[in-house]
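Below you'll find the structure, written out as structure tokens, and then a few comments.
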Amino acid sequence: MPKAKVNGVEVEFEPGMTVLQVAELAGEEIPRFCYHERLSIAGNCRMCLVEVKPGPPKPQASCALPAAENQEIFTNSPMVKKAREGVMEFLLINHPLDCPICDQGGECDLQDQAMGYGRDETRFDENKRAVEEKFMGPLIKTVMTRCIQCTRCVRFVTEVAGVPEIGMTGRGEDAEITTYLEGAVNSELSGNVIDLCPVGALTSKPYAFNARPWELKKTETIDVMDALGSAIRIDARGAEVMRVLPRINEEVNEEWISDKTRYACDGLMRQRLDRPYVRTGGKLQPASWAQAFDAVVEKLKSAKADRVGVIAGDLQDAESMKAALDLFGSLGVTSLDCRQDGAALDPKAGRTSYLFNSSIAGIDEADHIVLIGVNPRHAAPVLNVRIRRAVMQGTCKVSVIGEQADLTYGYDYLGAGPETLTRFASKPPKGAAKPMLIVGAETVARADGAAVLALVAKAAKAMGAVKDGWNGFNILHTAASRVGGLDMGFVPGEGGLTAAQMVQKGALDVLVLMGADEIDLSVSDAFVIYMGTHGDAGAHRADVILPAAAYSEKAGLYVNTEGRVQMASRAVFPKGDAKEDWAILRALSERLGKTLPYDSMNQLRAKLFADHPTFGQIDYVATGAALDLAAVGTAGDLSDAAFAGPAHDFYLTNPIARASVTMAECSATAKAARVKPVAAE
């Protein structure tokens, strides 16, 4: 490996690295504004100047300069110090003195680097220029006078998000960052430009003037808005979640999160269920926990086991589902289901029959991806970023069977439905070393979902997608609880009813909903017990409401779409009289005379790990695991209907998002963008 000296210290580096990267290998801090590890090199800000020998007797931009053998790099020489002070002085010529009222204050790169590398005075006394504010949608607040033209936002939306709707116009003093046609940024990842902006030019519009960073308690946890399990940080003040930010996890979300993950948090404070309710005289009336439990116990004791059913919703943690499984199992109940959408996935076929087996990071290795009835841009926007990157690098090609949507990258469109899939399975393309098939959750939830799965398995076998060291059969889930429920067998037992059967008229006497709000209850005549967080569909139909804790208000385990067990942490306490789900079930078990054998979360987890060992393997993914394709799905009649996109709005997929004012604005903006005429239309 080549070697270079950084301030006299010899460092080995990989060929192709820049001087900036080599300097950081040596432990030297190089200031920068425009450079970002995941974006192309722009060389705009000139803050990363260093002195290099051999080379011209002037400072050079280290971000754009390739490192060379026997190079000498100086990061703190008098020449470098003077150059950086000059650059900082230029950057601050027009920058306003907004720090006391700027939302970036306290976590601003410009503030930090001005203190570390700038002068204590300026030689410029001309008037500062002003720039008009730009409209970038309901999420991004702009104060463009603060902009230093680093172009990070431009490069992100163009290169990563794939929606080139931000650009720079003008030159010199007239240079401005703006959106084309003064429209909102039409991307599910637009909020990431706020993290990228090194100054206060782009900040969070919903969070504006709400809090300072030093006022907030920061909790590292896991996102549940989709099944990806993105690493996030929840910042809270008192009982209120103020904002959600991404954490770096190279194997899952890198450092990006979707706008729903970032901005739906205001829904955690709205339409909350903070006390028990019991329906009397046709109306829900506030009640005590004792009164609510009395009503529940009376109904459960009077109903036969085969007339009781339990449905787990999309945001449930593993501990609550385990407690429900143990409690209702002890009562002889066999009608339990975590698949409220009716997905044709069966744990009996093996764990790999319902996982994203290639792993999220495995997308980087794939050379041919076939998307079957899925729009990853909506199902998992951050995962779509990886697919786009593989396509743009030229290492992977994508084929689509299903909806012909804008995925932000080019693809071969094969057809719309099962007929196309049948042709593909009989004669798949050859030559791919690591092919990957990705099936959407909405596709396996069709009436012919089991037959579609069997056909996908046939295509995977014919394409060579499952072999030693590589498993290219993938289910892309959208519900954070789905894989955990399937892992513990939260599905109907012998003689039990599925979720769709439970909600039919006359099917049950008692129906327990654990945060299940995405299922139609219009014809069910059962006594409904709803244990959840928001006044959503399930609560409106409920006869008894047991208020539970939201994902930010409890510690819990979630299993993401690739089978990775992740641990979420509590950021704030439950609202009002609400309690953690497992604690509600533990108290209920005592009233029913079937006391559960655990009194604490640790004891519950010990029982969970003993009964289902996979839950004890925190953050572990078994890539390339074996899969019996013959056991996947069941042969049957296929519908002629095309694989349609999700029936739900991306921004309104769960009770938290539907309670969010910000998500409602995003939904309205997205709908308007789909019908708004542009240019000469």
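List of remarks:
- All conditions but one from (1) at positive phi; (2) open to solvent by less than 60 Å² (accessible area, probe 1.4 Å) apply to Ile438; the one that does not is (1).
- In the stretch 544-552, the count of residues that are open to solvent by 30 Å² or more (accessible area, probe 1.4 Å) and farther than 30 Å from Ile475 by Cβ is zero.
- Just one of the listed residues (Ala641, Ala578) is on the phi < 0 side of the Ramachandran plot, open to solvent by 30 Å² or more (accessible area, probe 1.4 Å) and of a type in the set (Gly, Ala, Ser), namely Ala641.
- Filtered residue count, the stretch 156-177, keeping only those that are assigned to a strand (DSSP E or B), more than 29 Å from Asn375 (Cβ to Cβ) and open to solvent by less than 60 Å² (accessible area, probe 1.4 Å): 2
- Residue in the stretch 331-342 that is out of contact with any Pro (no Cβ under 6 Å at 6 or more places or on another chain) and assigned to a helix (DSSP H, G or I) present: no
- Taking strands (runs of 3 or more DSSP E) as the structural unit, those lying wholly within the stretch 422-529 and holding at least 3 residues that are at pLDDT 95 or above and within 27 Å of Arg307 (Cβ to Cβ) correspond to 510-514.
- Number of the exception - Met567 against (1) in a loop (DSSP other than H, G, I, E, B); (2) open to solvent by 10 Å² or more (accessible area, probe 1.4 Å): (1)
- Listed by first and then second residue, the pairs with beta-carbon distance under 7 Å, at least 6 apart or on different chains, first residue in the stretch 424-437 and closer than 17 Å to Asn471 by Cα, second polar (S, T, N, Q) and not in a loop (DSSP other than H, G, I, E, B), are Met436/Asn474; Leu437/Asn474.
- Taken over the stretch 644-669, residues that are in a helix (DSSP H, G or I) and crowded, with 17+ Cβ neighbours inside 10 Å amount to 11.
- For Gln21, the conditions (1) closer than 26 Å to Leu110 by Cα; (2) buried (at least 21 other Cβ atoms within 10 Å of the Cβ); (3) not hydroxyl-bearing (Ser, Thr, Tyr) all hold with the exception of (2).
- Output for the stretch 457-479, where each listed residue is open to solvent by less than 20 Å² (accessible area, probe 1.4 Å), touching a Gly at 6+ places or on another chain (Cβ under 7 Å) and either on the phi > 0 side of the Ramachandran plot or touching a residue at least 60 places away in the same chain (Cβ under 8 Å) (or both): Ala457, Ala460, Trp470, Asn471, Leu476
- Restricted to the stretch 180-195, and to residues there that are within 22 Å of Ala130 (Cα to Cα) and at pLDDT 90 or above, the residue that is least open to solvent (accessible area, probe 1.4 Å) is Val193.
- Residue check, Ser353 of a type in the set (Ser, Thr, Tyr), within 27 Å of Lys458 (Cβ to Cβ) and more than 22 Å from the chain's Cα centre (by Cα): yes
- Against the numbered list (1) open to solvent by 90 Å² or more (accessible area, probe 1.4 Å); (2) over 30 Å from Ala211 (Cα atoms); (3) of a type outside the set (D, E, K, R), Pro66 comes up short only at (1).
- Test for Arg586: is it touching a residue at least 40 places away in the same chain (Cβ under 8 Å), over 27 Å from Ala343 (Cα atoms), part of a loop (DSSP other than H, G, I, E, B) and open to solvent by 20 Å² or more (accessible area, probe 1.4 Å): no
- Residue match in the stretch 325-335 (condition: closer than 19 Å to Thr478 by Cβ, touching an Asp or Glu at 6+ places or on another chain (Cβ under 9 Å) and touching a residue at least 60 places away in the same chain (Cβ under 8 Å)): no
- Set side by side, the residues Gly410, Gly417, Gly394 differ, and just one is open to solvent by less than 40 Å² (accessible area, probe 1.4 Å) and farther than 30 Å from Pro597 by Cα, which is Gly417.
- Residue satisfying all of: in the stretch 74-84; out of contact with any helix residue (DSSP H, G or I) (no Cβ under 7 Å at 6 or more places or on another chain) and open to solvent by less than 60 Å² (accessible area, probe 1.4 Å); farthest from Glu24 (Cα to Cα) among these: Ala83
The values are calculated or read from the model by the stated rules, or taken from the named source; none is laboratory data. As the structure is a computational prediction, the values presented were derived from the model and not from experiment. Cβ sites come from the backbone with ideal geometry, for glycine too, and all protein chains shown count toward neighbours. In case anyone asks, the SASA skips ligands and DNA or RNA and just uses the protein heavy atoms, side chains included. Shrake-Rupley method; radii C 1.70, N 1.55, O 1.52, S 1.80 Å.
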